[in-house]
Amino acid sequence: MQNKLRWKTVGILSAILAPLVFAQGDRGTITGVVRDSSGLPVPGAEVRIVNEATGIASNTVSSDSGNYTLPILSIGTYTITVQHAGFKTYVSNAVPVQVGQTTRVDIALEIGQLQEKVTVTADAPLISSDTSDVGTVINQKRFLDLPLTLGGDIRNASSFIFLSPGVSGNTWEKHIAGGGSFTDAVYYDGVALQVAPNNDAQYNPSVDAIQEFKLMTNAYSSEYGHAMSGVTSFTLKSGTNEFHGNAFEFFRNEKLDARGFFSPRRLPTRQNEFGGTFGGPIRKNKMFFFTSLDSFRRRQGNTPALTTVALAEFMRGDFSRWPSAIYDPSTTRPDGRGSFTRSPYPGNQIPASQFSAVSKNILPLLPAPQFPDRLSNNFTAPLVSPMQDAHNWTLKLDDQLSSYHKLFGTFFMTQRPAIKGWGPSVPGPAESHNRQDLNSRFLRVGYDWTASPTVLNHFVVSIDRVVDTNHTLSRGQGWPTKLGLTGVQGDVFPMVYFNQGYALLGDGSNYRGAMTTWGLQNTISINRGRHAMKFGAEVMRHQDNYNDEGGVAGTYNFSNLETALPGNPNTGNAFASLLVGAVDSASAQFHTTELGARWTYFGAFAQDDFKVSPKLTLNLGVRWEVQNPFSDVLDRFSYMDPTIPNPGAGNRPGAYTFAGKFGGNWHSIGNTAWKNIGPRFGFAYNFAQNWVVRGGYAMFYLNQTTVAWIPTADGFNTYAGFFSPDAGITPAFNWDGGFPQNFQHPPITTPTVQNGLNATLNLRSRAGVWPYSQQWNLTVERQLGRSAAVRASYVGIHGTRLWNPDGTQWNQVPASYLKLGDLLKAPINSPEVRAAGFGEPFDGFTELWGDGANLAQALRPFPQYGGVWEWYGTYGSSIYHSAQLYAQKRMSSGFDFTVSYTFSKLIDDTNQWGSGGGSYQNFYDRSAERSLSANDQRHGLAISYVYELPFGTNRKYVNKGVGSRVLGGWLVSGIQRYLSGTPIAVVTVNNLPIFNGGLRPDVVPGVDQRAATGPGGFDPARDRWINPAAFVNPAPYTFGNAPRYLGLRNPATLEESFAVVKDTAIRERTFIQFRAEMSNPFNRVVFAGPSGDMSSQSFGSIGSQANSPRNIQLGLKLIF
């Protein structure tokens, strides 16, 4: 009842604030002080600002302190006119307004008549004396002059955020100033995209349709939300009083490219991007349009990787070349000392009579190695993504109804069909490839109202929708029947994983998600004296329908442990385990319904930029954000509540509860968090001419989205999982007998629905908790002359309550029981277990678990379940410190550049929702997981530059005649990035019978972890990157002492690209542009990370290239 009352209050607040609120992240501001010649403020001066491209004017008056501010200005250049009786009219031309930026223009009026004019043309300052955020603005001219090659996908302006200090990763998985993957926000024309993960891959308007963008990495204004790391705000182009546009074509072909390091030849590549833009007036000075169309097509063109397939003799059962013994699982027996033993296969030969029938049907589908002399990295895997298309269309309209009223709208759509995979695999029916069709639509309609010269209102409604359909290529071909695999629901090829580095088989992708968000957003800006205030709020209603039929043919994991000597993880072979059909763990989905998640977000903010004095500005703000946790439109959510008695387990705690009409007294998955209050404080102090010191502190929250955190629906769609209960001594099952059926099939809504299976735990008190970050920075800026500036910043971020899916295994046996040793694997009713004082935890335990009813299972906190993972567990933390340097020179004398450098350190205890190979060893000791982050890159340097050659019309040399046309219009540009490698994670076979997440090795003291290299430097065909002698398996029944991530690092990142551009005029405002762009021009090889799996024969070796070989892109544009 109290929760409903709170949400009614939020609804009332939304209605009250609707005419008052919104964050206009796509606009800019002009501010300053009007003074007379003696330096005294001039109140009541009329300030008129006119957009030079559209003729649209905005007006205000200076306050009693002489201050004036005009916010919510469209991006562009402006003319400022200031008038006051007794003074000459002041005019300043070509004043730039940039996205998310405040441009300061202080005005000095001269005594005289209004008819007299004083015209000033001055460059805008390159340093910010009014805001405290750390950010970088890049306008269209700059990112169109710089090289932007077709790196396997459509051109993406987000590629240029990496020119800013503190940014690493890629356009899909960005790491911004210490933030984790997918914790940033992307705004288009002032509206935050709200389909997870929060990035711009789903929406990708043409680069030629983007006016400019700003990346804010730290302590930005309270008008921005939905992120706890960075915010990228894009502004799309608008039409002007002149018709402008272009048409373009870019292409790549393998004949222009180099061969990849691991490729025997250049792979066929066909890449094209083509389209155009057009914009102009519908009614001059009143109504404008701009539209763009962009299409991209790629076939092949990725860099292949080496993977491991079984030798031809392995497929016949002959493992005589394998360096360790293979043991016969059918001979497993007690060893008389409280453990078990097995007999080895004579000569490491598995007789064909023991081959699994299912496995025999798979063998003909597997390729022979291309390098049969190698046990590992012996096959060139098919391309992970052999096809990618993209098509997008944008339309933007602006209508100046009057001096006080303006309507505007933006629409864009994207279609992205692709074929992609999960990782290195094999060709043919067992390939890991799926077809994805990702379609998005975005619509924004807004209204600006100038209520008075000092009060402006900005209102927006929006809708964005993404439909993501993804199906494995093996769908509907009858593969379970062909393989003889029974007991599963779906008609796709099963997914098969191995340890020891073998290539995966199959692809389990099989889903359709339709995600829709409606938004209502509005802002009021009020200027009062020395205060420029904004008050805002936004409401978003989310509707996500998700039909996930992934894993319906099963996901099967094969380990060496099933064919190893019990207790010795250095024996056995994962492919041998496949031959005999001994599954280590497996899961399969049994699907009955599509889920329909619903939730509402509400945010409100207040911001006051207070000019304490002409030199000091304070940025004071606060943002409050509320989101009700997910509910399903038909109450199809469920979870395991650790406090409810389980009637199928002797009323031990831990039973399932179901939403609403299915018996629960709840509808949303958790309790609403009402205290997400984020203060923002900053200052900017212009302590000397051309010097500014700025700093800030802020808190940011990351709201939930369903793609990242799909609520559990056990009982409606059941994932049945089975596993070896004793580290491979007893397999989960043999797949010749089909997928086990000893579980309750959906639909079923009883408290015992997952007994004997894995369970998803949920704590209502934490299900609504949001991750948050605290950010701070201290920055000193110095402008050098008219066209250059430097910036030095200390930037820090502390992440709290981070999502850590890798560390929420609630059903691990407490580590204190490791002292029981082999007794943990003994049957619960064995004499030795009873003699030790243990017994069944509840009646029916042995019947529930069968061969898995051992002491370890009985000692689990919830012995009625297998694995117990917490939905949306937020226990992680991170800390980031960095020194950041940034220098820029804007275009003058035909040359501009930026240079950024970052020295940083990032520590965390979770991989969050991103890449990384570290494993949680012990659920009960989170402190042991704290280490360098998977995303830590100690040094980062990024350089960009554009040089216009000094030849041609209006240039210094050869500025007339034929020579001017031939030699004029040329520019060269480049981007160079160099980053330290990321830390390496090393893991080993987890043979601990306590159901922990993973096992790390022990580090051998005094041994260099980096392997020695031979003559001429590192050679992956000869050398290892990791020294295997630096690590050993931990002693039996102990954890390894290696950290989650080592100080040893992967190869460094090196990215270089160059462009040569030639503009040839056809007529006064029409010209043709030829472009030649080259990525990796010197064909340098950046190797991918080595295998960190100690069980693999390729441990420490590198089998793939991280960067692309040299490629050349040619382009032609008609610009008018």
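Identify all residues within region 630-657 that are surrounded by fewer than 24 Cβ atoms within 10 Å (Cβ to Cβ), in a loop (DSSP other than H, G, I, E, B) and not aliphatic (A, V, I, L, M); write none if there are none.
Scanning region 630-657 gives D635, G650, N651.
Being buried (at least 24 other Cβ atoms within 10 Å of the Cβ) and of a type in the set (F, W, Y) is the filter here; which residues of region 599-629 pass it?
Scanning region 599-629 gives a single hit, F605.
Surrounded by fewer than 17 Cβ atoms within 10 Å (Cβ to Cβ), farther than 25 Å from E1056 by Cβ, touching a Ser or Thr at 6+ places or on another chain (Cβ under 7 Å) and touching a residue at least 12 places away in the same chain (Cβ under 8 Å), is that true of T988?
no
Return only the number of the condition from (1) part of a loop (DSSP other than H, G, I, E, B); (2) basic (K, R); (3) in contact (Cβ under 8 Å) with a residue 60 or more places away in the chain that K1117 does not satisfy.
Going through (1) part of a loop (DSSP other than H, G, I, E, B); (2) basic (K, R); (3) in contact (Cβ under 8 Å) with a residue 60 or more places away in the chain one by one, K1117 breaks only (1).
Report the residue count in region 958-973 for those that are out of contact with any strand residue (DSSP E or B) (no Cβ under 9 Å at 6 or more places or on another chain) and in a loop (DSSP other than H, G, I, E, B).
Matching residues across region 958-973 total 1.
Only one of these is in a loop (DSSP other than H, G, I, E, B) and out of contact with any helix residue (DSSP H, G or I) (no Cβ under 6 Å at 6 or more places or on another chain): G536, G490. Name it.
The match here is G490.
Given the structure, is V95 buried (at least 20 other Cβ atoms within 10 Å of the Cβ), outside any loop (DSSP other than H, G, I, E, B) and either in contact (Cβ under 8 Å) with a residue 12 or more places away in the chain or not basic (K, R) (or both)?
Yes.
Among what's in region 48-87 and is farther than 28 Å from Q211 by Cβ and aliphatic (A, V, I, L, M), pick the residue that is modelled with the lowest pLDDT.
A85
Sort through K611, K615, K675 and tell me the only one that's within 24 Å of Q912 (Cα to Cα) and among the charged types (D, E, K, R).
K675 is the lone residue from the list that is within 24 Å of Q912 (Cα to Cα) and among the charged types (D, E, K, R).
Inside region 202-245, can you point out the residues that are hydroxyl-bearing (S, T, Y), within 24 Å of the chain's Cα centre (by Cα) and assigned to a loop (DSSP other than H, G, I, E, B)?
Hits for region 202-245 are Y203, S206, Y220, S221, S222, Y224, S229.
Residues are listed down the side, and each one gets a yes or a no for (1) surrounded by fewer than 21 Cβ atoms within 10 Å (Cβ to Cβ); (2) of a type outside the set (D, E); (3) part of a loop (DSSP other than H, G, I, E, B):
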residue	(1), (2), (3)
Q774	yes, yes, no
A789	yes, yes, no
A792	yes, yes, no
L802	no, yes, no
G821	yes, yes, no
G837	yes, yes, yes
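Six or more apart or on different chains, Cβ atoms under 9 Å: show the pairs whose first residue is in region 901-912 and closer than 15 Å to N804 by Cβ and in contact (Cβ under 8 Å) with a residue 12 or more places away in the chain and whose second is of a type in the set (F, W, Y) and part of a loop (DSSP other than H, G, I, E, B).
These pairs meet every condition: D909/Y920; T910/Y920; Q912/F182.
Can you name the residue in region 930-950 that is more than 22 Å from the chain's Cα centre (by Cα) and in contact (Cβ under 8 Å) with a residue 60 or more places away in the chain and is also nearest to M891 (Cα to Cα) among such residues?
The residue in question is V946.
Which of the residues belonging to region 98-142 are assigned to a strand (DSSP E or B), closer than 30 Å to A1059 by Cβ and out of contact with any Lys or Arg (no Cβ under 6 Å at 6 or more places or on another chain)?
Scanning region 98-142 gives T103, V134, T136, I138, N139.
Could you grab me the full set of residues in region 658-700 that are surrounded by fewer than 17 Cβ atoms within 10 Å (Cβ to Cβ), outside any loop (DSSP other than H, G, I, E, B) and basic (K, R)?
K661
Considering only strands (runs of 3 or more DSSP E) fully contained in region 284-400, which possess at least 2 residues that are touching a Gly at 6+ places or on another chain (Cβ under 9 Å) and at pLDDT 95 or above?
Qualifying strands (runs of 3 or more DSSP E): 287-300, 327-334, 387-400.
Being free of Cβ contacts under 8 Å to residues at least 24 places away in the same chain, within 25 Å of F923 (Cβ to Cβ) and surrounded by fewer than 21 Cβ atoms within 10 Å (Cβ to Cβ) is true for just one of S765, S816. Which residue is that?
The match here is S816.
In region 464-486, which residues are among the polar types (S, T, N, Q) and surrounded by fewer than 19 Cβ atoms within 10 Å (Cβ to Cβ)?
Correct list: T469, Q477, T481, T486.
Go through region 575-586 and give me each residue that's within 21 Å of G852 (Cα to Cα) and of a type in the set (A, V, I, L, M, F, W, C).
L578, V580, A582, V583, A586
From the residues in region 155-176 that are modelled with pLDDT of 85 or more and β-branched (V, I, T), which one is farthest from N272 (Cα to Cα)?
This residue is I176.
Conditions tested, residue by residue: (1) assigned to a strand (DSSP E or B); (2) closer than 22 Å to L949 by Cα; (3) not polar (S, T, N, Q).
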{"site": "P1043", "(1), (2), (3)": "no, no, yes"}
{"site": "F1058", "(1), (2), (3)": "yes, yes, yes"}
{"site": "A1065", "(1), (2), (3)": "yes, yes, yes"}
{"site": "F1074", "(1), (2), (3)": "yes, yes, yes"}
{"site": "E1077", "(1), (2), (3)": "yes, yes, yes"}
{"site": "S1108", "(1), (2), (3)": "no, no, no"}
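Could you check region 846-941 for strands (runs of 3 or more DSSP E) lying wholly inside it with 1 or more residues that are of a type in the set (S, T, N, Q) and over 30 Å from A836 (Cα atoms)?
In region 846-941, the matching strands (runs of 3 or more DSSP E) lie at 874-892, 895-908.
For the structure I just gave you, tell me whether S181 is among the hydroxyl-bearing types (S, T, Y), modelled with pLDDT under 85 and at negative phi.
Judged against the criteria, S181 is a match.
Do the conditions hold for A887, that is, is it in contact with a strand residue (DSSP E or B) (Cβ under 6 Å, 6 or more places away or on another chain), among the hydrophobic types (A, V, I, L, M, F, W, C), crowded, with 17+ Cβ neighbours inside 10 Å and farther than 26 Å from A655 by Cα?
Here the answer is yes, as A887 does meet what is asked.
Determine which single condition V1007 fails, assuming it passes every other condition in (1) touching a helix residue (DSSP H, G or I) at 6+ places or on another chain (Cβ under 7 Å); (2) among the hydrophobic types (A, V, I, L, M, F, W, C); (3) without any contact (Cβ under 8 Å) to a residue 24 or more places away in the chain; (4) within 30 Å of M1078 (Cα to Cα).
(4)
Which one of F248, F261 is in contact (Cβ under 8 Å) with a residue 40 or more places away in the chain and either in contact with a Cys (Cβ under 9 Å, 6 or more places away or on another chain) or assigned to a strand (DSSP E or B) (or both)?
Selected residue: F248, the only one of F248, F261 that is in contact (Cβ under 8 Å) with a residue 40 or more places away in the chain and either in contact with a Cys (Cβ under 9 Å, 6 or more places away or on another chain) or assigned to a strand (DSSP E or B) (or both).
Checking N703 against (1) closer than 30 Å to Q744 by Cα; (2) not in a strand (DSSP E or B): exactly one of these is not met. Which one?
Of (1) closer than 30 Å to Q744 by Cα; (2) not in a strand (DSSP E or B), only one is false for N703: (1).
Given the condition within 35 Å of the chain's Cα centre (by Cα) and either aliphatic (A, V, I, L, M) or at pLDDT below 95 (or both), answer yes or no: does some residue in region 644-653 qualify?
no
The values are calculated or read from the model by the stated rules, or taken from the named source; none is laboratory data. Since this is a predicted model, take the numbers as computed values, not measurements. Note that we place each Cβ from the backbone using ideal geometry, even for glycine, and neighbour counts take in every protein chain shown.
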